[in-house]
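Values in this text are rule-based calculations from the coordinates and carry no lab data. All of these numbers come straight from a predicted model, not from anything done at the bench. Every residue, glycine as well, gets a Cβ built from its backbone with ideal geometry; the counts of neighbours run over all protein chains shown.
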Amino acid sequence: MLFSNIERLLPWLQQHGPLLVFVWLALENTLFLGIIVPGLSALLVTGLLIHTGDVAPVAMLGAAVAGTLIGDQINYAMGRWGLRRFGCIRRVLEDNEEAHRFIEQYPPVVYVFFHFPLYLRTVFPLTLGSMRFPIRRWLWIDAMGALLFVGVFTGMGYGLARWVLDVNDLASMLTNLSIVGNAVILALSLLFLVGTVRFVRILWHAWRAPVPQDEIG
């Protein structure tokens, strides 16, 4: 997570906060744009600005949740109606009974944390879409996940505001925020790593399996 551009974006956040945060989070959760537009940065700074009274809390939080949901729905839709058009994707995901059993073995409450590990934010909606995961269950998981993701990191920015505001240099202040935020992301990424590796192995074995004759033609 790089905070190098946030110092220049801070005045825009103060003047056009809800719109900018909405676009920021929507792009961050679409494909792999989070590498370029890190949503964690936006949420931490949003919490900071709410603490200082520079932005309207309800509008900023609503825009952040809406942007996260929109980006996730784009990814899910691309997986369900886009990627699955490829025969290899259908074989590895949609028609892979072992992969479906793996997803079903965990309660939905586990999946509401999918925004926290950086590597799952894009891949998880794409995967569930490609597997034709039930839309209603997906919407519930995503809604709870978006509220949790936005609430935790905005709250973190708000809670740490008093500490970071003691730093006179803005770049140093944002660096302090990033250290804490990245530590949380790393810890949660490690928690999900074992399950993710197991799931990837299931997909890899399906990919390496002999291709049925009806797909060869």
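Below is a table of values for the structure above.
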{"item": "Calculated FRET value between Q14 and A183, using beta carbons and R₀ = 41 Å, to 0.05", "result": "0.95"}
{"item": "Loop sites in region 117-147: chymotrypsin sites (Phe, Trp or Tyr not before Pro), DSSP, at most 15 other Cβ within 10 Å", "result": "Y119"}
